[in-house]
Amino acid sequence: MTAPTPLLEMQALVIGYKLGRAERKRVAGPLNLALQAGELVCLLGPNGAGKSTLMRTLAGLQPPLSGQVQIEQIDTQHISAAELARKLSIVLTDRVEAGNLTVQELVTLGRYPHTGWLGNLTAHDQAIVREALAATNTAQFATRRVATLSDGERQKVMLARALAQDTPVVLLDEPTAHLDLPNRVQLMRLLHQLARQTQKAILLSTHELDLALQAADRVWLLHDEGQLHAGVPEDLVLSGTFEVAFAREGLVFDQATGTFTIHKPGTRLVRLDGSGPLAFWTRRALQREGFMLTDDEAPLRVELREQNSASQWVSHVAGQIQSHHSIADLLTYLRTVPDLGQAQL
């Protein structure tokens, strides 16, 4: 079976900056990666790893140090800016000042690469604008002034303008940076749906690790050393790649939950017997309190019970059994218990 032709492809791409005639600062590479139609790819990595540099290079905003970026098998260094704008659209984190434009007028500007200087819209252009508004759920406020929009609404409008540009490749640099949690979730869900429905290749850089692990078809994980690992999110988690890329003192990536543990490992041993959401949140509370969870026998054991929709935490300490009706009650009691055993770190 023949592999599909990628919409965007990097061939031995080295990104960085030219500091002078002969001096160069390499950020990452050589990179050999591809974006396929209908997929959402998230670009992740620590601050300073080079995510913005890669996005700007792919968008043609700065030249590569070496190698090629091809869109639909055409080297982006060999096509005009107008033609590139018909093949690739980009949404940056910079807040766009739209003056007194309405939402529909701003989204219509996305058709500029197709209409030319005169900007005369055909029936086809108008239909694409309507489709972009509908796809991003922004048609409901199409007549509102852009200046009156919330950050979440404005971000959707900028995405609508990129969709109206109707390019096979869409790049988004930190699209969730200024959004609250509900709007971040909605935008990531929308991007995943749009990739599937429109068969565009969508690449976004983000710090939203938890959302990227849920929404991305693939992840590009850029390290501080300029190395890049690509793959299905779950494969990168299970291989330990995330732990290495985000390794920081006192910060541990938990493969079981796909989240970072911000607390240093505790020294007081506790065994937790139970499962499900109750065990998950109890484990989080115990770790915050300075306990280290173990599956072996321990001088302190917490047993979880659920009966008649009521939760109960039962502590076993040195032959004494106590019942607690909330995590707060459990923690209050455990603070009075002397250290009976410590982990060997």
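The values are calculated or read from the model by the stated rules, or taken from the named source; none is laboratory data. None of these values were measured; they are calculated from a predicted model. Cβ atoms come from the backbone with ideal geometry, glycine included; neighbour counts cover every protein chain shown. These accessible areas exclude ligands, DNA and RNA; they are computed on the full protein's heavy atoms, side chains included. Shrake-Rupley method; radii C 1.70, N 1.55, O 1.52, S 1.80 Å.
Inside region 308-326, can you point out the residues that are out of contact with any strand residue (DSSP E or B) (no Cβ under 7 Å at 6 or more places or on another chain) and farther than 15 Å from ALA285 by Cβ? Full working, then the answer.
Going through region 308-326, the residues out of contact with any strand residue (DSSP E or B) (no Cβ under 7 Å at 6 or more places or on another chain) turn out to be 308-311, 318-320, 326.
Matches in region 308-326: ASN308, SER309, ALA310, ALA318, GLY319, GLN320.
Listed here are the residues, each with its yes/no results for (1) among the polar types (S, T, N, Q); (2) in a strand (DSSP E or B); (3) over 20 Å from GLY50 (Cβ atoms); (4) within 13 Å of the chain's Cα centre (by Cα).
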residue: ASN137; (1), (2), (3), (4): yes, no, yes, no
residue: GLN140; (1), (2), (3), (4): yes, no, yes, no
residue: PRO175; (1), (2), (3), (4): no, no, no, yes
residue: MET188; (1), (2), (3), (4): no, no, yes, yes
residue: ALA195; (1), (2), (3), (4): no, no, yes, no
residue: LEU204; (1), (2), (3), (4): no, yes, no, yes
residue: LEU236; (1), (2), (3), (4): no, no, no, no
query = Any residue at all in region 245-268 that is free of Cβ contacts under 8 Å to residues at least 40 places away in the same chain, in a strand (DSSP E or B), within 28 Å of LEU13 (Cα to Cα) and within 18 Å of the chain's Cα centre (by Cα)?
reply = no
query = What is the residue count in region 83-98 for residues that are surrounded by 10 or more Cβ atoms within 10 Å (Cβ to Cβ) and at pLDDT below 85?
reply = 5
request  = Please work out if VAL41 is in contact with a Leu (Cβ under 7 Å, 6 or more places away or on another chain), under 30 Å from THR143 (Cβ atoms), crowded, with 18+ Cβ neighbours inside 10 Å and not hydroxyl-bearing (Ser, Thr, Tyr).
outcome  = no
Residues of region 116-167 that turn out to be of a type outside the set (Lys, Arg), open to solvent by 30 Å² or more (accessible area, probe 1.4 Å) and in contact with a Leu (Cβ under 8 Å, 6 or more places away or on another chain), as a count = 6
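State all residues of region 211-234 that are modelled with pLDDT of 85 or more and either surrounded by fewer than 16 Cβ atoms within 10 Å (Cβ to Cβ) or assigned to a helix (DSSP H, G or I) (or both); if no residue qualifies, say none.
So in region 211-234, the residues modelled with pLDDT of 85 or more come out as 211-222, 228-234.
Passing the criteria: LEU211, ALA212, LEU213, GLN214, ALA215, GLY231, VAL232, PRO233, GLU234.
Have a look at GLY38, GLY60 and point out the one that is among the small types (Gly, Ala, Ser), modelled with pLDDT of 90 or more, under 13 Å from VAL169 (Cα atoms) and outside any strand (DSSP E or B).
Numbers: GLY60 fails: modelled with pLDDT of 90 or more.
Of GLY38, GLY60, the one residue that is among the small types (Gly, Ala, Ser), modelled with pLDDT of 90 or more, under 13 Å from VAL169 (Cα atoms) and outside any strand (DSSP E or B) is GLY38.
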Selection count where residues are open to solvent by 10 Å² or more (accessible area, probe 1.4 Å), under 16 Å from LEU204 (Cα atoms) and hydrophobic (A, V, I, L, M, F, W, C), scope region 23-38 = 3
remark   = Taking region 238-252 and the residues there that are touching a Phe, Trp or Tyr at 6+ places or on another chain (Cβ under 8 Å) and at pLDDT 75 or above, the one that is nearest to LEU171 (Cα to Cα) would be PHE242
request  = Taking only region 125-154 into account, find how many residues are at pLDDT below 90, in contact with a Ser or Thr (Cβ under 8 Å, 6 or more places away or on another chain) and among the hydroxyl-bearing types (Ser, Thr, Tyr).
outcome  = 0
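I'm trying to understand the selection: among the residues of region 269-291, which are open to solvent by 50 Å² or more (accessible area, probe 1.4 Å) and touching a Gly at 6+ places or on another chain (Cβ under 7 Å)?
Just the residues of region 269-291 that are open to solvent by 50 Å² or more (accessible area, probe 1.4 Å), to begin with: 271, 275, 277, 280-281, 283-284, 287-289.
Matches in region 269-291: GLN287 only.
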ask   = Among the residues of region 288-323, how many are part of a strand (DSSP E or B) and closer than 17 Å to PRO277 by Cβ?
value = 11
query = From SER239, SER205, which residue is among the hydroxyl-bearing types (Ser, Thr, Tyr) and crowded, with 18+ Cβ neighbours inside 10 Å?
reply = SER205
